[in-house]
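To start, the structure under review is shown below, and the notes come after it.
The values are calculated or read from the model by the stated rules, or taken from the named source; none is laboratory data. Owing to the predicted nature of the structure, the values given are computational and were not obtained by experimental measurement. Cβ atoms come from the backbone with ideal geometry, glycine included; neighbour counts cover every protein chain shown.
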Amino acid sequence: MSGLLLMPVQYGAPSTSYQDDESLCSSRQGLIRSQRSSTSTTPEERTALKRDAESTYQDSPFTSLRLSRKRLLIFTLVLISLLVLSSLFTAITMHSLSSSTCTSLSCVTAAETLRRKSAASAAPKNHSISPCDDFYEYACAGWDESTRIRAARGSDWNVLLETSFNTHDKITSMFGRLMVNPLAMKDLTKYQLQALTTYATCMRESIEDATEALLQVYKEFGGWLSTAQDQTPIEESLLSAYRTNAVSLFNINAQIDAKDIRSHTVLTMEEAVPFIGSPSVYGAMPAFSVNDLLSGRLDKHWVKSVLFAAGHELGQQLGMHETTEFREALAQAVLLDYKITRCSPSLDLERSGPVVQWRTTVGELRTFDDLFDFRYFLKIFIGREVSARTEIVIGPGREYFMKLMTVLREYSTPEGQKIIRDYIKFKQLFLLSIHSGKLVQSKELGGLETLRILYTGDDDRSVQCINRVGMANQLGFASLLERYWAPHLQENMDNARKIGESMRREYIDALRKSTVIDEADRAAMIDKAERIRIRVAVPEAARDVDSLEEEYSMIPNGNDTTRPWAIFFTTVMGNRHWKRTADFGKPVNRNEWPVDTNPFNHNVHYNYETNSILFPIIWSLEQYLDSRLSSLFSFAGFGSIIGHEMTHAFDFKGRNFGSTGVDRNLTVGRTSRNFEAKQQCFLDQYTELGELRITEDVLAENLADNVAIRLAYKAWKAQDELAKKRLPGVDLTSDQAFFTAYAQNWCSVSKGASGTHSVGKLRVLGPLQNSRHFAEAFSCPIGSPMNPAKKCSLW
Ligand SMILES: [Zn+2]
């Protein structure tokens, strides 16, 4: 998978929504004088104009001279002719203005949207930045600084997040209005009502409820540490934790089979998310022992101190005494978590090239029965016997699996089995505590609170509750949004299809004409572009009663006060996990929507295996697809992202997959060599701009951005007659407005690049330096920073 931003937010994983690509937008520069609308004047200018007017008046013949009749007649004649000429001139001007300026509501709104973020609304002292010097500053200088209040959370801030928060605010006020209006409530479908109830229940939760929930699970365990008599098989311990979606050791699931997306699901095995949220944190840690953890040798390492502090807090919350046994068990759990995580291919420094899935069978896995009985495990999980021939796909590959089995072998003694059992239980309690949100008792950083922020972010309870509704009530929530918040959603969807297809046409045209592509590869590449499936934003299933009914049945009644939220939510997620697996082997529901519908998920994905692009719901709700706004926004936003994602189909990973996703070697020989030569140009350019990470992943994202803006511009020009008209009141030509709208998608404040994308500023400067259309639109002289003589291009 490769996202526009980052990998998907996995339940149980730290939130990645807050680590999007950012860039510094430190100086608030202004729109340059020559670009400013002639109707707007600064106070200084207004004073000067007034002064001029007054002096003219004082010099006028009416006040300074006593005129003769003759002179008065001549003067009157001249005045009349001047008036006639002037009104003629005005008529001509008005006529030409009305034919070249779009004054429809959509254009006025579009103009206002552009103006708000750009330098036009920035402080007057910053009005001097030239678009040819630094277009990022030019476009983002007026980006509302007040929104930075939210950035004070210590995270990065950008336009995408801002859009999510604005959407969140609108949704919560919509929920608020509904909840005080019994008549409107009566009008909801039961699915919509269920979503609303989930939200209300989440908002009502108190610390006491959350602690109660933890204690309830704790009691069901019969305590955390298992006794010597406890012989529960590891397979059963793991399944019991899966009930509340607490995934440890590894994650077994049933997913749509990439080989045959129409007919069936396949069993998959993926890595579990470690305690500390991300494998990379353990990657930097040298091997250690339980004694190292207990003796204090690792006290300075934040992983150790945070995990131990979290364990201590959790113990306190549950009334456990911090005995030597408790501390040892905690150290064992941390060590096991570390060992399991180190099996991850993402931490294998010697690995080169992409991770290759391992397709094996349940029968083959029987050789590991003494370590983990997969057939027994699957029988309980799926609810029936599975045959030895049943296929299972090990996502992180064969090597990962073998390493994992080696770890399990280390723990195959009775003492080792106890450590695994305790580890699984501890992780379950730990995740329950983390997911009870802001309700953890200690607000001290360093322990649970630090981990909670890593997992769920540090936002208001309502942000978390909206997120959870999108995950738990995926379809009910979408249906509620469609009805009450965005009744024009259907038009936006039509807009999406239209833009998607015109981007595809441009892309295919580019592939057809490109000299980079060898004739032997061209047909296959075009075929691949033709078959990319674009799925947009609103799950089709939100209108399908059967799907809604299925979701309804997985959710316990939110009004049930005996079910504290912390358990309620994790139970729903566990039910979903369980249901998906139990459905293994049944025909695929083509309407199934693989991501949640919370508005904080903006990660657009290109999936290499299924050759498809998926847009989460936020892309249909705001300016990116709003059919009521001028189409330049949809093309500069949504359209350019389609161009970006389509390019992933042909990047260093994408070339390993054919049009149905599974064939190998899409391009061979000359195309690949040409491609590499083209890459060097971009590599030099981005290094010059300050991107110091020279990796294939980072380069692939930057290539994608470059193709994206070029094709989005072409597609927009090709279809839109409004593309030739100016927007009112911003004094930007339509082309200038297009590039400004593009840049304004990436306004951001950030502490540096994260993930594989460059910071927002580079996502603007890099592609636009290479665009001749951009240079023409702003008349940038050759050799100016935004119009270097050397240009890089891909296709
Ligand atoms: Zn990308």
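Observations
- Candidate set from region 336-366 (those that are surrounded by fewer than 19 Cβ atoms within 10 Å (Cβ to Cβ) and part of a helix (DSSP H, G or I)); member that is nearest to the chain's Cα centre (by Cα): SER346
- Matching option when the condition is closer than 28 Å to GLN255 by Cα, at pLDDT below 95 and hydrophobic (A, V, I, L, M, F, W, C), among VAL407, VAL393: VAL393
- Test: residue in region 639-656 that is assigned to a loop (DSSP other than H, G, I, E, B), within 16 Å of the ligand (Cβ to nearest atom), crowded, with 24+ Cβ neighbours inside 10 Å and not hydroxyl-bearing (Ser, Thr, Tyr): yes
- All told, ASP684 falls short of being in contact with a His (Cβ under 8 Å, 6 or more places away or on another chain), modelled with pLDDT of 90 or more and not basic (Lys, Arg).
- Scoring VAL698 on the criteria (1) among the β-branched types (Val, Ile, Thr); (2) surrounded by 24 or more Cβ atoms within 10 Å (Cβ to Cβ); (3) within 13 Å of the ligand (Cβ to nearest atom) leaves a single failure, condition (2).
- Set side by side, the residues GLU212, GLU208 differ, and just one is in a helix (DSSP H, G or I), in contact (Cβ under 8 Å) with a residue 40 or more places away in the chain and farther than 29 Å from PHE377 by Cα, which is GLU212.
- Subset of region 227-275 that is touching a helix residue (DSSP H, G or I) at 6+ places or on another chain (Cβ under 6 Å) and over 30 Å from VAL306 (Cβ atoms) - its residue that is modelled with the highest pLDDT: GLU235
- ALA287 meets the conditions (1) more than 17 Å from ILE434 (Cα to Cα); (2) outside any loop (DSSP other than H, G, I, E, B) in every case but one. The failed one is (2).
- Any pair with Cβ under 9 angstrom, 6 or more apart, that starts in region 644-658 at a residue that is more than 11 Å from TYR606 (Cα to Cα) and ends at one that is assigned to a loop (DSSP other than H, G, I, E, B) and within 12 Å of the ligand (Cβ to nearest atom): LYS653/TYR608; ARG655/ALA649; ASN656/TYR608; PHE657/TYR608; PHE657/ALA649
- Hey, ALA210 among the aliphatic types (A, V, I, L, M) and surrounded by fewer than 19 Cβ atoms within 10 Å (Cβ to Cβ) or not: no
- Qualifying residue in region 368-390 (condition: more than 21 Å from TYR242 (Cα to Cα) and surrounded by 18 or more Cβ atoms within 10 Å (Cβ to Cβ)): yes
Table: residues versus (1) under 22 Å from PHE584 (Cβ atoms); (2) not charged (D, E, K, R).
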residue	(1), (2)
THR197	no, yes
VAL217	no, yes
SER226	no, yes
GLU236	yes, no
LEU239	yes, yes
VAL247	yes, yes
ILE252	yes, yes
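- Residues that are buried (at least 24 other Cβ atoms within 10 Å of the Cβ) and within 15 Å of the ligand (Cβ to nearest atom) occur in region 710-724; there is at least one.
- Residue in region 592-602 that is over 21 Å from ASN467 (Cα atoms) and either β-branched (Val, Ile, Thr) or modelled with pLDDT under 85 (or both) present: no
- Checklist (1) under 17 Å from the mean Cα position of the chain (by Cα); (2) at pLDDT 85 or above; (3) not in a helix (DSSP H, G or I) applied to TRP619, failing item: (3)
- Taken over region 708-763, the residue count meeting the criterion of being at pLDDT below 90 and among the basic types (Lys, Arg) is 4.
- Meets criteria (surrounded by 21 or more Cβ atoms within 10 Å (Cβ to Cβ), at pLDDT below 90, away from the ligand (no atom under 16 Å from the Cβ) and assigned to a helix (DSSP H, G or I)) for THR671: yes
- Test: residue in region 289-299 that is in contact with a helix residue (DSSP H, G or I) (Cβ under 9 Å, 6 or more places away or on another chain), of a type in the set (Gly, Ala, Ser), under 21 Å from TYR400 (Cα atoms) and touching a residue at least 40 places away in the same chain (Cβ under 8 Å): no
- Residue list for region 318-335, filter: of a type outside the set (Ser, Thr, Tyr), surrounded by fewer than 18 Cβ atoms within 10 Å (Cβ to Cβ) and not in a loop (DSSP other than H, G, I, E, B): GLU325, PHE326, ARG327, GLU328
- Residue within region 422-440 that is more than 28 Å from ASN601 (Cβ to Cβ) and in a loop (DSSP other than H, G, I, E, B) present: no
- Cβ separations smaller than 6 Å between residues 6+ apart or across chains give the following pairs from region 354-369 residues that are farther than 12 Å from SER387 by Cα to residues that are small (Gly, Ala, Ser): VAL355/GLY397; VAL356/GLY397; GLN357/GLY395; TRP358/GLY397.
- Given (1) within 16 Å of the ligand (Cβ to nearest atom); (2) over 17 Å from TYR138 (Cα atoms); (3) basic (Lys, Arg), index of the condition ARG763 fails: (2)
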